[in-house]
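The values are calculated or read from the model by the stated rules, or taken from the named source; none is laboratory data. The structure displayed is predicted, hence computed values, not measured ones. Here the Cβ positions follow ideal geometry from the backbone for every residue, glycine too, while neighbour counts run over all protein chains shown.
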Amino acid sequence: MVTWTALAALAYSRSATRRQAFLVADLVVAVALMALSAPILGTTVFANDYLALPAYWAICAPLVVAMAYGVVPGAITGAVVGGILVVVTPSLEPALWSWLVVFALLGAGIGVLVDLLLSSMGERDRAFAETASLAERERLNRIVHDGVLQVLALVEREGPGMGPRGVRLAALAREQESRLRVLLLDRSLDQPAADQVDITAVLDRHESSTVTISAMAERVMVSSREALEIDAVVTEILANVAKHAGPAARAWVLLEHEGRELIISLRDNGIGAKAEDITKAGERGHIGVRESVLGRIRDLGGQAVVRAAPGRGVDWELRIPVQ
Amino acid sequence: MRMQPVWISRRGSTASQVLLRPLLRVLNWLRIALCVHALVVNALRWHEVALAGCWSPP
């Protein structure tokens, strides 16, 4: 026991020797010493107080297991180490059974405690990282705003007075300014989990000189699969605006979250069309509308409604259920 | 349930590094203290064991 204590102290203090095999060996030693208690001490002496040969030393192995693997393995190994006394000396004596109960509870308790501490520390680390990334983004925002954005705004303002090439330059500056603003406001930097995505951050990326995105300030978390599908639908509708609504058309995207439903309204001020032409486009096999929009929304368990009239643009309303 | 010890599965996590190292150190001291306790307990009941004839001192 003394030798094993020294070995364990060395092994658990170094990450290279803190291995699964040593944990198993630790448990085997604890179980063996507990099992040898009655044969070594003699049944009479052992039955005086049911204090095992290693006494409470044997709990250390289940405690390491609880720290390493969590609640259930901690409880099970605690029950095994404590319960071996009942197996070797079968009796209904409460003092004997207490070993099993106490060791199992201690194993489970330490497992719960370590899991709680790990998750709360993980949360704290994430909060620190988020704060740091936001602070850095604000710092970059200030630098870019005072420099690049001012120059782009100047080109955009002065360009039209410089002839056709100036008009082109102004349009490019407007486009780049808008992209830069989207990049600076990118909310995807502080996503809390890889499998959950903030849909407002995803939609924000569509913002440009011809597309305006309006979303609520708070996050709306959806699964990454749902986010991909919603993004593809919005991309397709905006691509249709760019292709069919006319050169001067602008589009507006509004995101709302009502209860368990996500409502995305997409409106443009283009040349418009008859609503039945758009729905029939799907029936006629126009893959974009049929698969990219209607098919995806149907797969998400939602609904897509389109309203359109010649000269009054096209208005989509997408309703998607979310958790 | 984890398949590997937390200090391997969450090797990159600061939380596991910061938390587990001191906890294992505490556990090492606990093990030493409980070892001493077990030695004292067994030394105190040595004569009982010898009298019962189950264990003969060398």
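Does region A:254-274 hold any residues that are outside any strand (DSSP E or B) and either under 18 Å from A:Ala227 (Cβ atoms) or of a type in the set (Ser, Thr, Tyr) (or both), and which are they? Matches in region A:254-274: A:Arg260 only.
Inspect all residues belonging to region A:52-62 and state whether any of them is farther than 28 Å from B:Trp46 by Cα and at pLDDT 90 or above. There is no residue in region A:52-62 that is farther than 28 Å from B:Trp46 by Cα and at pLDDT 90 or above.
Of the residues screened, A:Ser119 is one that is in the same structural domain as A:Ala35 (by TED's automatic domain parsing), of a type in the set (S, T, N, Q), in a helix (DSSP H, G or I) and over 27 Å from A:Asp49 (Cβ atoms). There is at least one residue in region A:74-97 that is away from chain B (no Cβ under 14 Å), of a type in the set (Phe, Trp, Tyr) and free of Cβ contacts under 8 Å to residues at least 12 places away in the same chain.
All conditions but one from (1) in contact with a helix residue (DSSP H, G or I) (Cβ under 9 Å, 6 or more places away or on another chain); (2) closer than 21 Å to A:Glu317 by Cβ; (3) without any contact (Cβ under 8 Å) to a residue 40 or more places away in the chain apply to A:His244; the one that does not is (1). Going through (1) modelled with pLDDT of 80 or more; (2) more than 7 Å from chain A (Cβ to nearest Cβ); (3) surrounded by 15 or more Cβ atoms within 10 Å (Cβ to Cβ) one by one, B:Ile8 falls short only on (1).
Cβ separations smaller than 8 Å between residues 6+ apart or across chains give the following pairs from region A:9-27 residues that are at the interface with chain B (Cβ under 8 Å from one of its Cβ atoms) and under 14 Å from B:Ile32 (Cβ atoms) to residues that are in a loop (DSSP other than H, G, I, E, B) and at pLDDT below 90: A:Tyr12/A:Arg18. Applying the set (1) under 27 Å from A:Glu175 (Cβ atoms); (2) of a type in the set (A, V, I, L, M); (3) modelled with pLDDT of 85 or more to A:Leu300 leaves exactly one unmet item: (1). When A:Gly147 is tested against (1) in contact (Cβ under 8 Å) with a residue 12 or more places away in the chain; (2) away from every other protein chain (no Cβ under 14 Å), exactly one condition is not met: (1).
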